[in-house]
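The structure under discussion appears below in the form of structure tokens.
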Amino acid sequence: MPLQITRRETFKRSFAAVGLAALAKEWSMPAFAQDASDVPFTDIPANFNPANPQAAVRMLDIRKIDGLITPKDSFFAMQHNNKPEIDAAAYRLKLTGMVNKETELSLADLKKMGASDVVAGYECSGNSPRAVEGMSSNGRWTGVPLNTVLKQIGVHPDAREVVFFATDRGMTDVVFRQQTFKLEQQFGRSITLENAMKPDPLLAYALNGDPLNREQGFPVRLLMPGWYGVCNVKWLSEIHLQEDRYLGNYQARWYRSVVGVGGTGEDADPQTQWVETEITRMHLKSVIARVRKNAGALQVLGFVLNDGTPLKSVEVQIDNGPWQPATLDPSNTKYSWKLFTYQWQGASPGEHTLVSRATDANGNIQPTAAELKRKKTFLQDNSQFPRKVMVA
Ligand SMILES: Nc1nc2c(c(=O)[nH]1)N[C@H]1C(S)=C(S)[C@@H](COP(=O)(O)O)O[C@H]1N2
Ligand SMILES: [Mo]
């Protein structure tokens with residue numbers, strides 16, 4: 001077992017090195033002539049101000065995507081409480097609960113334990129056309145694999161749940177039947193020990209080769225490649241091993257999907273089953289982000305986010321015409337967002353509607369908004385996003 005893991009890690013590292021070489025060229029939109037220009041979208045809300053410094057959320061203006069990697073200072077940022085300022089020298093990550101020996105690790109201790117790289121993109125599970133899909137980004141993360149740390153510390157055989165607590169705290173309503181308690185709590189999320197021991201989760205301390213910014217969770221955050229934003233706990237302060245499920249608000253109440261399944265499709269139909277699930281792996285989504293005009297030709301650019309399942313296709317439809325295959329960019333990686341392009345021939349002047357849809361190797365097809373009608377909570381809106389552009 002240990003030998004296998006070592007070999008896998010070696011493989012992962014050499015793979016990462018190859019990935020980096022490829023990234024050096026990075027993805028660039030094929031040779032635009034000097035007069036290349038953006039074809040404007042007409043569906044952007046008038047008050048859309050993605051990077052408003054006053055706003056709680058910094059969004060990415062997806063019309064500015066020009067490569068696989070989102071620059072660190074443009075990476076979307078979203079949090080529920082304050083943004084703690086943590087002194088790196090004084091920082092200690094606590095490992096508590098069902099571990100062989102409760103321990104505190106400094107940033108230097110963590111860095112000594114390993115440095116793995118992964119290109120990973122994610123979105124907030126609340127991202128949607130209303131935010132022009134701007135709560136999404138993609139970067140190259142560096143950190144120590146979570147399973148390396150857990151193996152080194154030693155986990156009690158009965159432990160089943162790994163809880164991640166953060167430094168930021170906030171007042172939360174904890175509802176119990178008719179009672180509501182106002183309690184100040186730490187931000188917390190959990191995963192199963194089984195998921196924690198997989199090779200992907202990282203305790204990340206760098207983004208695009210530099211230390212995390214304060215709003216990105218400096219000095220250390222969890223990174224769950226292929227999972228929704230909320231799972232990537234920032235300002236990580238404590239990892240707690242336990243046998244029982246963790247039921248904190250951000251795990252069990254505020255981040256969940258409620259979907260009607262079965263029956264006639266009417267809410268009141270007694271055959272309807274209400275399926276309530278946690279927010280974990282990303283649902284398959286594609287988004288048209290940008291349209292460029294280059295010497296008369298039009299190039300449509302977009303991205304796909306999902307849980308890492310290989311894609312079967314991305315298609316683009318113009319003005320309700322036939323679905324046409326788009327081309328995936330060769331610099332995409334398993335957990336990156338996947339850039340795609342489509343050459344739009346013969347566009348006439350005037351307003352047009354463009355939409356994309358992704359299909360994965362398991363046969364999942366990105367749903368339309370109408371097909372998501374039975375989802376009650378607004379999270380996990382992976383609907384196809386029809387865009388409107390004005391061709392001059
Ligand atoms: N400690 C902490 N971590 C957090 C949050 C938070 O409020 N506190 N918000 C989560 C949510 S909802 C999202 S979408 C992502 C956003 O990560 P980013 O700011 O790096 O884009 O962080 C997650 N991690
Ligand atoms: Mo989120």
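Derivation of every value follows stated rules applied to the coordinates shown; laboratory data play no part. Please read all numbers here as calculations on a predicted model, not as lab measurements. All Cβ positions, even for glycine, are placed from backbone atoms using ideal geometry, and neighbour counts span all protein chains on display.
Report note on the peptides 351-359, 134-142, 46-54: ranked by the mean count of other C-beta atoms within 10 Å, highest first, their order is 134-142, 351-359, 46-54.
Between the amide H of Ser336 and those of Gly121, distances stay under 5 Å, these residues lying 5 or more places away or on another chain, with hydrogens modeled in the peptide plane. Net charge of the neighbourhood of Lys94, taken over other residues with C-beta under 14 Å away and scored Lys/Arg +1, Asp/Glu -1, is -2. Axis angle, to the nearest 10 degrees, between helix 2-25 and the longest C-alpha principal axis of the chain: 40 degrees. Please compute the net charge surrounding Ser348, taking Lys and Arg as +1 and Asp and Glu as -1 over other residues with Cβ under 14 Å from its Cβ. Its environment carries a net charge of -1.
Normalised by 2.2 N^0.38 Å, where N counts its residues, the alpha-carbon radius of gyration of segment 158-243 equals 1.22.
Look at where the Cα atoms of segment 227-290 and of segment 70-121 average out, and the two centres are 24 Å apart. For segment 186-255, the list of trypsin sites (Lys or Arg not before Pro) that fall in a loop by DSSP and count at most 12 other C-beta atoms within 10 angstrom reads Arg245. Sorting the Cα pairs of the chain by distance into bins of 20 Å, from 0 upward, gives 26, 56, 18, 0 percent per bin. Of the trypsin sites (Lys or Arg not before Pro) in segment 86-137, the ones in a loop by DSSP (not H, G, I, E or B) with at most 15 other beta carbons within 10 Å are Arg92, Lys101.
Given axes a ≥ b ≥ c from the Cα gyration tensor, I'd like to know whether segment 285-391 is rounded (a/c under 1.5), prolate (a/b larger than b/c) or oblate.
oblate
Pairs exceeding 21 Å between alpha-carbon atoms, taken from Lys285/Lys376; Lys64/Lys376; Lys285/Lys375; Lys111/Lys234: Lys64/Lys376.
Sparse packing (at most 15 other Cβ atoms within 10 Å of the Cβ) combined with a DSSP loop state is found for none of the trypsin sites (Lys or Arg not before Pro) in segment 254-290. A cut-off under 13 angstrom between Cβ atoms defines the neighbours of Thr42, and their net charge, with Lys, Arg +1 and Asp, Glu -1, is 0. Here's the list of aspartates and glutamates a cross-link from Lys101 could span, going by alpha-carbon distance under 18 Å and ignoring same-chain residues fewer than 8 apart: Asp109, Asp158, Glu161, Glu238, Glu243.
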